[in-house]
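Written out below as structure tokens is the structure these notes cover.
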Amino acid sequence: MDVGAPIMTISLAEFQADSQANIPALQQAIRTLTRFQREELAEWMLNSPDLTDAVAEFRSVYGPPGGRRPFTVEEFLLMEQGSPVRHEYVGGEIFEMRAPMPRHEVIVGNLLDHFRAHLGVGPSRVISSHLGLRLQVDACDLYYRPDIMIACGPLSAEALDLPYLTDPCVVVEVFSPVTEDIDRREKLLSYRRISSVEEYVLVAQRSLEVIIFRRSDNWNPTVLTAPDDVVESRSVELSVSLEEIYEGVR
């Protein structure tokens, strides 16, 4: 080692400037990933003990190859038959949905247990995400997969043989930091356009927070954050505390 050689140093400001200059290249690399891969990356960044800052939501659409016409909803439904991966459909474009995390499934399971115990053998039926929700907004076909739907009334013979609902009265989404923006904005605007929907309930995965949007309240949000706060579904006359909803994941 040449003890006379100068030691190269770099200031924090220079390091930050260099990192900032590399952001466009990093963003370009991320754009090449599929939606599933981006969500995996986001989950890693959120959960890594070495990273404490929040990550922005990644939202990636994939669908027909460049130049090809958009998929029709009928083509999408045919593709979904027997597919091991779930998708959502928005106006000819298809979004791959990632496999849910255990935290998500525990919260959904708690909600399903309370809904089913309360509704019993009555006419209303609880529907899980195995079924989709098909709707049309301004001539745009949409097919979402809410975590929970409630059909307020018996299902018709025709509806019993379809892979989707069209007229739920309650829709529930359990959101992660990755899906929060879509659930809070895009899906809220879409669900409130369904004439049968009276309540849209958003449940956070990583914080104690439930947001209720009701048609009777002109879709203004009611935000609950305390363990003893009670979520009231007026459509089916159910009350459940946040403590019960988050049992097992607190």
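The values are calculated or read from the model by the stated rules, or taken from the named source; none is laboratory data. Since this is a predicted model, take the numbers as computed values, not measurements. Cβ placement follows ideal geometry from the backbone for every residue including glycine, while neighbour counts extend to all protein chains displayed. Just the protein is used for accessible areas: all its heavy atoms, side chains included, with ligands, DNA and RNA removed. Shrake-Rupley method; radii C 1.70, N 1.55, O 1.52, S 1.80 Å.
Any idea which residue in the stretch 208-222 is surrounded by the fewest Cβ atoms within 10 Å (Cβ to Cβ), counting only those that are outside any helix (DSSP H, G or I) and in contact (Cβ under 8 Å) with a residue 12 or more places away in the chain? First the steps, then the outcome.
Of the stretch 208-222, the ones outside any helix (DSSP H, G or I) are 208-214, 218-222.
From what's left, in contact (Cβ under 8 Å) with a residue 12 or more places away in the chain: 208-214, 219.
Working: Leu208: 17, Glu209: 16, Val210: 22, Ile211: 20, Ile212: 20, Phe213: 21, Arg214: 20, Trp219: 14.
Among residues in the stretch 208-222 that are outside any helix (DSSP H, G or I) and in contact (Cβ under 8 Å) with a residue 12 or more places away in the chain, the one surrounded by the fewest Cβ atoms within 10 Å (Cβ to Cβ) is Trp219.
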Scan of the stretch 236-250 for residues that are modelled with pLDDT under 95, open to solvent by 40 Å² or more (accessible area, probe 1.4 Å) and within 22 Å of the chain's Cα centre (by Cα), ordered by number: Arg250
Report, by residue number, each residue of the stretch 102-127 that is surrounded by 15 or more Cβ atoms within 10 Å (Cβ to Cβ) and not in a helix (DSSP H, G or I). Ser124, Arg125, Val126, Ile127
Give the residues of the stretch 69-101 that are among the acidic types (Asp, Glu), open to solvent by 50 Å² or more (accessible area, probe 1.4 Å) and not in a strand (DSSP E or B), sorted by residue number. Glu74, Glu75
Across the stretch 219-250, what is the total count of residues that are out of contact with any strand residue (DSSP E or B) (no Cβ under 8 Å at 6 or more places or on another chain), over 20 Å from Cys169 (Cα atoms) and among the acidic types (Asp, Glu)? 3
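Do we have Leu133 as assigned to a strand (DSSP E or B) and of a type outside the set (Asp, Glu) here? Break it down stepwise before answering.
Details: assigned to a strand (DSSP E or B): yes; of a type outside the set (Asp, Glu): yes.
Considered against the rule, which asks whether it is assigned to a strand (DSSP E or B) and of a type outside the set (Asp, Glu), Leu133 comes out as yes.
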